[in-house]
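Novice: Sharing a structure, written as structure tokens. Questions coming.
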Amino acid sequence: MSSQAPLRKAGRSPKAGVKLIQKTGGNLVLASGVTIVMLFGMVLALSLASVLIINSPDPVVGLAIALPITLIFNIAAFFLSPYLMDLTQNWLYNTRWVSLAEIESKSPETAKVIQKICKQRNLKQPRLGIIDDQNPTAFTYGSLPNSARVVVSEGLFTYLDDDEIATVYAHEFGHIVHWDFAVMTLASTLVQITYLIYTTAQSLGRKGGKKAEDAAGTVAAVAYLFYIAGTYLLLYLSRTREYFADHFAAETTGNPNALSRALVKIAYGILEEGQRATEPSRLLEGTRALGIYDAKAATSTGTAYRISSQPEKIGRVFLWDMFNPWGWWMELNSTHPLTGKRVRALSTYAEQLGLDIEFDMGRIIGEGHHLSKRKLYGNFVSDLLLYSAEILGLAVGFAIGISLSAANPMMMIACPLIGLGTGVLLKTLVMFPNYQAAEELDVLTLMSDPYASPLRGQPAKLEGVLIGRGDAGYAFGSDLKLQDPTGMMYLHYASRFGPIGNFLFGMKRVKSLIGMEVNALGWFRRGVAPWMDLIELNSDSGTKVSSFHRFWSFLLGVGSIALGVVALFVSFPA
């Protein structure tokens, strides 16, 4: 592990167990209840629709058999899941089951926290596991509270201090105390049933007559919408439960600052280990939804911590999490809240306990209120439309073609082609703007930009060392990782010859580039994980690499417009 100045510790409450008011994450009982009730309602409505609308005895019998089978399977899986997961753990990660004494030797405070929670909540001590992996993570699984398992990686003890480790364990115990396994399993079962009804209705539509086909199509469409809605409700519930597990840890330990620190240092540890990895971490990939931290979000927070023991610099990275609408949009598809929002909630608990706040999120919130709302939300709305520019262009062109088809039938071909090409070119110009005036920046500065977008590329120059392939473990991967004094950035390469060119570049050139000091020019973007679409790489030794992200887009756009124009000329008599 590279050297890193420790963060300033603001202190902790002298008395743990003080009740804290939770203002973030909503109401856990309400979230769980609403999610399950809505999913039950979806299932009931779709079941009745399938039975009453579709007048075919065989599909009804099939569905009547399928539903109890699904329920029985999920109930069995629920109770057997701890043992099945134990087998999987041993096979994939060589999980080592340990005694509380061994945990105590690594983190004395953690052992006290475990004993305290078990005594107060009348819980059987969960089975405790350690995985020999330096990527810091922790997760919990099981069925009922007294059959729970709490597993952590060795990296947790490497990167975190004693009090921080204790808060991570307390967070995992929060999932046990709140019966998260049971609630999430029940909600997941209901989502599965909506999908089962969707597939059943599709099958019925293919077998019946016209009337049955129309009815089944309606049921299938509604079922699929319910399935999508149910999936997003599950993700919302998962994020809510993370907030409540954080709240439980803060109350139990009286040390919310330590959990804030732990989240930041876990991100740092994941980043550090990723830079040394020759292949992706199976542990992080396999436990992404279970773990305390979404590894995909580690780059920005880990980068800030890497170079700074000043929390205000780390806090600036959280501006994007807190205020950029892209953060909210992408969080919808995540099982975990964005890190900035979790740290903000934990900071409010520190305030309630009368503690100094290590990450002054109040100042960050104040700074966020002075950001340009027009720039934040105006760009977001236009960018959402631009994401679908090709489809919109095609649709508009098709509508114009229909209106003009009476005079010239070829308009039905020409106008959609021109509309498609126009949409592609417009999107390309916004995604890949002029880079002649690109500024020389560093990774942390780019990460701290609250206006960054996954679509609207920011031209930038970076100077650093190429430390490996972006897609670690893929021997012919064409993407790269660049390290500068402030952090790491993924560089996305695009050959003018498409996927074949990317493969050949990864096979023949990437290995010789690793270790070089280079200047990189590209378009910076930020989603949950940030990256740069590469334009050009140059080294002092004269090595030059060119990347062509705009090539195929311009070719498709110009080609479509040209074909549309040709179709127009052909349609007119000489």
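The values are calculated or read from the model by the stated rules, or taken from the named source; none is laboratory data. If you're wondering where the values come from, they're calculated on a predicted model, not measured in any experiment. Please note: Cβ atoms are built from the backbone with ideal geometry, for glycine as well, and neighbour counts cover all protein chains shown.
Novice: Just give me the residues in segment 519-533 being of a type in the set (A, V, I, L, M) and crowded, with 17+ Cβ neighbours inside 10 Å, in sequence order.
Specialist: Ala520, Leu521, Val528, Met532
Novice: Would you kindly identify the strands (runs of 3 or more DSSP E) lying entirely within segment 426-533 that contain at least 3 residues that are modelled with pLDDT of 90 or more and more than 23 Å from Ser388 (Cβ to Cβ)? Full working, then the answer.
Specialist: On the way: elements: 458-469, 480-484, 487-492, 517-526.
The strands (runs of 3 or more DSSP E) meeting that bar are 458-469, 517-526.
Novice: Mind checking whether some residue in segment 481-494 is free of Cβ contacts under 8 Å to residues at least 24 places away in the same chain and assigned by TED's automatic domain parsing to the domain that holds Ser541?
Specialist: No, segment 481-494 contains no residue that is free of Cβ contacts under 8 Å to residues at least 24 places away in the same chain and assigned by TED's automatic domain parsing to the domain that holds Ser541.
Novice: Could you please find all residues in segment 349-372 being buried (at least 20 other Cβ atoms within 10 Å of the Cβ) and assigned to a helix (DSSP H, G or I)?
Specialist: Tyr349, Ala350, Met361, Ile364
Novice: Here are the criteria: (1) within 19 Å of Tyr159 (Cβ to Cβ); (2) buried (at least 18 other Cβ atoms within 10 Å of the Cβ); (3) at pLDDT below 75. Tell me which single one Gly315 does not satisfy.
Specialist: Every condition holds for Gly315 apart from (1).
Novice: Here's a follow-up. Looking at segment 190-214, which of its residues are of a type outside the set (Phe, Trp, Tyr) and at pLDDT 70 or above?
Specialist: Leu190, Val191, Ile193, Thr194, Ile197, Thr199, Thr200, Ala201, Gln202, Glu213, Asp214
Novice: If you check Gly423, Gly477, Gly498, which single one turns out to be surrounded by 17 or more Cβ atoms within 10 Å (Cβ to Cβ) and out of contact with any strand residue (DSSP E or B) (no Cβ under 6 Å at 6 or more places or on another chain)?
Specialist: Gly423
Novice: Quickly run through segment 175-190 and pick out the residues that are surrounded by 24 or more Cβ atoms within 10 Å (Cβ to Cβ) and either among the small types (Gly, Ala, Ser) or within 10 Å of Ile292 (Cβ to Cβ) (or both).
Specialist: Correct list: His175 only.
Novice: Can we say Leu537 is farther than 30 Å from Gly423 by Cβ and out of contact with any Cys (no Cβ under 7 Å at 6 or more places or on another chain)?
Specialist: Answer is yes for this residue.
Novice: While we're on this one: Would you mind finding the one in Leu156, Leu160, Leu144 that is assigned by TED's automatic domain parsing to the domain that holds Ser238 and at pLDDT below 90?
Specialist: Working: Leu156 fails: at pLDDT below 90; Leu160 fails: at pLDDT below 90.
Only one candidate passes the filter, namely Leu144.
Novice: When the residues of segment 534-574 are filtered to those that are part of a loop (DSSP other than H, G, I, E, B), surrounded by 15 or more Cβ atoms within 10 Å (Cβ to Cβ) and touching an Asp or Glu at 6+ places or on another chain (Cβ under 8 Å), which remaining residue is modelled with the lowest pLDDT?
Specialist: Among them, the one singled out is His549.
Novice: Could you say which residue among Asp383, Asp356 is of a type in the set (Asp, Glu) and within 28 Å of Thr253 (Cβ to Cβ)?
Specialist: Asp356
Novice: Now for a separate question. State whether one or more residues within segment 85-98 are buried (at least 20 other Cβ atoms within 10 Å of the Cβ), modelled with pLDDT of 85 or more and out of contact with any Cys (no Cβ under 6 Å at 6 or more places or on another chain).
Specialist: Yes, segment 85-98 contains at least one residue that is buried (at least 20 other Cβ atoms within 10 Å of the Cβ), modelled with pLDDT of 85 or more and out of contact with any Cys (no Cβ under 6 Å at 6 or more places or on another chain).
Novice: Would you say Phe181 is in contact with a helix residue (DSSP H, G or I) (Cβ under 9 Å, 6 or more places away or on another chain) and under 23 Å from Arg261 (Cα atoms)? Working first, answer last.
Specialist: Working: in contact with a helix residue (DSSP H, G or I) (Cβ under 9 Å, 6 or more places away or on another chain): yes; under 23 Å from Arg261 (Cα atoms): no.
It is false that Phe181 is in contact with a helix residue (DSSP H, G or I) (Cβ under 9 Å, 6 or more places away or on another chain) and under 23 Å from Arg261 (Cα atoms).
Novice: From the list Leu426, Leu455, which residue is on the phi < 0 side of the Ramachandran plot, under 29 Å from the mean Cα position of the chain (by Cα) and assigned by TED's automatic domain parsing to the domain that holds Asn519?
Specialist: Leu455
Novice: Please specify each residue of segment 121-163 satisfying the condition of being in a helix (DSSP H, G or I), in contact with a strand residue (DSSP E or B) (Cβ under 9 Å, 6 or more places away or on another chain) and either among the acidic types (Asp, Glu) or on the phi > 0 side of the Ramachandran plot (or both).
Specialist: Selection gives Glu154 alone.
Novice: Looking at segment 534-554, I want the residues that are within 22 Å of Glu440 (Cβ to Cβ) and have a partner that is part of a loop (DSSP other than H, G, I, E, B) and among the aliphatic types (A, V, I, L, M) with Cβ atoms under 8 Å, at least 6 apart or on another chain. Which pairs are those?
Specialist: Close Cβ pairs (under 8 Å, with a partner that is part of a loop (DSSP other than H, G, I, E, B) and among the aliphatic types (A, V, I, L, M)) amount to Leu534/Ala494; Ser539/Met516; Ser541/Met516; Thr543/Met516; Ser547/Ala494; His549/Ala494.
Novice: Same structure again: Among the residues of segment 104-130, how many are surrounded by fewer than 16 Cβ atoms within 10 Å (Cβ to Cβ), within 20 Å of Leu160 (Cβ to Cβ) and in contact (Cβ under 8 Å) with a residue 40 or more places away in the chain?
Specialist: Matching residues across segment 104-130 total 2.
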